[in-house]
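Working notes, structure below.
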Amino acid sequence: MIMLDEWVDQSLLMQYLPEVWMRVLAGLLLLIVLYSIISWGVRAGMAVVVGRALQAIRKGSWQEPLRKRRVAAYLSHMVALLFLALNLQLMPMSEAVTEGLQRIVLTLSCFYALRCLSAVLSATQDIYEESTRSGRASIKGYIEVARSIMWALGTVVGVSILLDKSPILMLSGLGAISAVLLLVFKDTLLSMVASAQISSNDLLRIGDWISMPQANADGTVIDISLHTVKVENFDKTVTSVPTYKLFSESYKNWRHMFESGGRRIKRTLSIDASTIRFLDDEEIEGLRRFALLDEYLVEKQQELEESNKQLVAEGRDGINRRRLTNIGTFRAYAMQYLKHKKGIHHQMLMMVRMMEPSSEGVPVEVYCFTDDTAWVNYERIQGDVFDHFLSILPEMGLRLYQSPSGVDMREAFAQGANLKEMLQAERPSTEKRAGSALDS
């Protein structure tokens, strides 16, 4: 079987090229033509073969990511360069020069092989992101880890080909500088471990709302890569957080709140302590007009009457009798309101509790969950609840605590000035009456 270089040497073309430079130029042109033909042929063949294979398995949509990432183009360059490396004898050069060129061309072929594998990994990621499973977990971290390992090994192989050394010897030589490599690639190694842990334990997904105050991140995760996680904050800014920090430091993930179907309301009303008092019979009867309080007041009055009768039978003083308070009645009203309010999740915890009094009033905390986790709807429901509670307080004889404002201070000063003027106006008449009494 005659090799390509032997065929060229025996051809009539070389018989008419007596000069060496002519033979070199002719060989170079022939290699370029062959490179172009092989590259085009591999690319066209890949398009046909892969296209039909994907259609056969009903995965025709995968063609676009493979085409977009130029997998066939990189593979065609690799095959064509391998062909050139095996046929560099077409050019009349010394054996040493030919071997040097072969190593260079093989190194380029190795480079395109790595580009082809990297493109395959990128296409795999694109295909996964278009699938329905992409919302549950991201494989970008795994893809980047595989790409990093692949490029590291490929670089060792390429350098070994270029220097004509064994890759095993080069890998053994790397052990001497492993400490330096660990120091240089510390963040990369930490990110690789963190990315694997985050993905395997399902700690973070694209689309999750996270809060990480120490990194000024509060928003939606839009990208998870090997080194960084990008968070789009609610003010439309983007915060890049190192991946290893999301594994070593604490942050809040709101995903489970959305999955539960309920979003918590936890807010307090500070009641002015001076307005808290017992209710008399007339006020209790007036509150009976509230449908939400009618049943509570009836049951509570029966309970108090029975308890108070027992106290009277025991001969206790009337001061010991039990009575309804306006703040207790308000808490009962608020609880009944939440139970009947549309938009409140009635299968989750609900309570209205009184907390420890402070210098800023007596806090009454409302604790419940909405049945809509969307931010806008949640704020609307929460606003409706507290609008109603703030408006109903005066009906119970209660007032919200509020620190004195500038208007309050001006009114107090104005009242003091008016009182002073009244006293000064009354002083002459008082002195005159006193003098008349002394004269008499």
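The values are calculated or read from the model by the stated rules, or taken from the named source; none is laboratory data. Predicted, not measured: the structure shown is a model, and the values here were computed from it. Cβ placement follows ideal geometry from the backbone for every residue including glycine, while neighbour counts extend to all protein chains displayed.
On the basis of being among the small types (Gly, Ala, Ser), at pLDDT 75 or above and surrounded by 11 or more Cβ atoms within 10 Å (Cβ to Cβ), does Gly383 make the cut? Outline the logic, then answer.
Details: among the small types (Gly, Ala, Ser): yes; at pLDDT 75 or above: yes; surrounded by 11 or more Cβ atoms within 10 Å (Cβ to Cβ): no.
No; evaluated as a whole, the condition is false for this residue.
Of Thr243, Thr188, Thr237, which residue is modelled with pLDDT of 85 or more and surrounded by 13 or more Cβ atoms within 10 Å (Cβ to Cβ)? Before you say what the answer is, go through the steps one by one.
On the way: Thr188 fails: modelled with pLDDT of 85 or more; Thr237 fails: surrounded by 13 or more Cβ atoms within 10 Å (Cβ to Cβ).
Answer to the selection: Thr243.
Given the criteria touching a Ser or Thr at 6+ places or on another chain (Cβ under 6 Å) and at pLDDT 90 or above, does Ala217 qualify?
Numbers: touching a Ser or Thr at 6+ places or on another chain (Cβ under 6 Å): yes; at pLDDT 90 or above: yes.
So Ala217 fits the description; yes.
Return a yes/no flag: does region 78-88 have any residue that is modelled with pLDDT under 70 and assigned by TED's automatic domain parsing to the domain that holds Leu117.
Yes: one or more hits.
Between residues in region 202-214 that are at pLDDT below 90 and residues that are among the hydroxyl-bearing types (Ser, Thr, Tyr) and in a strand (DSSP E or B), which pairs lie under 8 Å by C-beta distance while being six or more apart or on different chains?
Gly207/Thr220
Residue by residue through region 248-280, note down the ones that are β-branched (Val, Ile, Thr) and either outside any helix (DSSP H, G or I) or at pLDDT below 90 (or both).
Initially, region 248-280 is screened for residues β-branched (Val, Ile, Thr), giving 265, 268, 271, 275-276.
Once the filter is applied, which keeps residues that are β-branched (Val, Ile, Thr) and either outside any helix (DSSP H, G or I) or at pLDDT below 90 (or both), region 248-280 yields Ile265, Thr268, Ile271, Ile276.
Can Ser270 be described as of a type in the set (Gly, Ala, Ser), surrounded by 12 or more Cβ atoms within 10 Å (Cβ to Cβ) and touching a strand residue (DSSP E or B) at 6+ places or on another chain (Cβ under 6 Å)? Write out each step before concluding.
On the way: of a type in the set (Gly, Ala, Ser): yes; surrounded by 12 or more Cβ atoms within 10 Å (Cβ to Cβ): yes; touching a strand residue (DSSP E or B) at 6+ places or on another chain (Cβ under 6 Å): yes.
In short, yes.
Please list, ordered by first then second residue, the pairs with beta carbon atoms under 7 Å, 6 or more apart or interchain, first in region 62-74 and within 12 Å of Cys116 (Cα to Cα) and charged (D, E, K, R), second at pLDDT 85 or above and in a helix (DSSP H, G or I).
That search, which allows pairs on different chains as well, returns Arg69/Ala119; Arg69/Ser122; Arg69/Ala123; Arg70/Ala119.
Looking only at region 25-50, which residues are buried (at least 16 other Cβ atoms within 10 Å of the Cβ) and either free of Cβ contacts under 8 Å to residues at least 12 places away in the same chain or within 30 Å of Tyr128 (Cβ to Cβ) (or both)?
The answer is Ser39, Val42, Arg43, Met46, Val50.
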